[in-house]
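Participant: Take this structure, written in structure tokens, and hold onto it; I'll ask about it next.
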Amino acid sequence: MKGWQDNLVESPGGIAAILRECRRIAVLGIKTAAQQDRPAFYVPAYMARTGYEIVPVPVYFPEATEILGQRVYRRLRDIPVPVDMVNVFRRSGDIPPHLSDILAACPKVVWIQTGIRNDAVAEALARAGIKVVQDR
């Protein structure tokens, strides 16, 4: 019997499968080109160069209407097309307020970036049937 814990992905094979299957990635907490030295900008920029479709969802930068040549959305639930993954660039303690928005977007995967963990949010997402990668 499969339980919610099966949605917590840690194995190299599971991570590789996610990277093969996901094409449209919403980046929660993306930075602008003015912060190009920050992982929240250069990681999504690299992903875009390698063929992933990036949907920017900045938390700050209210004047930004476009990042990486793509329209900015202020909430995940406002993205008009399904996203395969939500890539999270938020501090661990800043993730819980985004939980309802992530759930409303119904991604297949939530990837919480290197150095970031929130086990309570990961469990809630996994129980909702969403695969979760943390601290990678």
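Participant: Please go through segment 37-136 and write out the GluC sites (Glu not before Pro) that DSSP classes as loop and that have at most 10 other C-beta atoms within 10 Å.
Facilitator: Loop-located and lightly packed - 63.
Participant: Can you compute the FRET efficiency between residue 71 and residue 123 using 1/(1 + (r/R0)^6), with r the Cβ-Cβ distance and R0 = 30 Å? Round to the nearest 0.05.
Facilitator: In this case the efficiency is close to 0.40.
Participant: What trypsin sites (Lys or Arg not before Pro) does segment 1-84 have in DSSP loop regions with at most 16 other beta carbons within 10 Å?
Facilitator: Sites meeting the loop and neighbour criteria: 2, 23, 74, 75.
Participant: A follow-up question, please. Which of the aspartates and glutamates could a cross-linker span from residue 2 if the Cα-Cα distance has to be under 18 Å and same-chain partners fewer than 8 positions apart are dropped?
Facilitator: Of all the aspartates and glutamates, those that pass the test against residue 2 - Cα under 18 Å, at least 8 places apart if same chain - are 10, 123.
Participant: Please report, in debye to the nearest 20, how large the charge dipole of segment 1-103 is about its Cα centre when each Lys and Arg carries +1 at its beta carbon and each Asp and Glu carries -1 there.
Facilitator: The dipole magnitude comes to about 60 debye.
Participant: Additional query: Please work out which option in (1) 1.05; (2) 1.23; (3) 0.98 gives Cα Rg over 2.2 N^0.38 Å calculated from these coordinates, and answer with its label.
Facilitator: Identified label for the calculated read-out: (3).
Participant: Put +1 on the Cβ of each Lys and Arg and -1 on the Cβ of each Asp and Glu in segment 40-95; which of 47, 73, 95 then has its Cα farthest toward the positive end of the dipole?
Facilitator: 95
Participant: Shifting gears a bit: Which whole-number percent is the relative contact order of the chain (Cα, under 8 Å, 6+ apart)?
Facilitator: Relative contact order for the chain comes out at 28 percent.
Participant: Please label the shape of segment 54-103 as rounded, prolate or oblate, based on the square roots a ≥ b ≥ c of the eigenvalues of the alpha-carbon gyration tensor (a/c under 1.5 means rounded; beyond that, a/b larger than b/c means prolate, else oblate).
Facilitator: The shape class here is oblate.
Since every read-out is calculated from the coordinates, none of them should be taken as a lab result. Nothing here was measured: the structure is a model prediction, and the numbers come from that model. Neighbour counts are summed over all protein chains in view; Cβ atoms, including those assigned to glycine, are modelled from backbone coordinates with ideal geometry.
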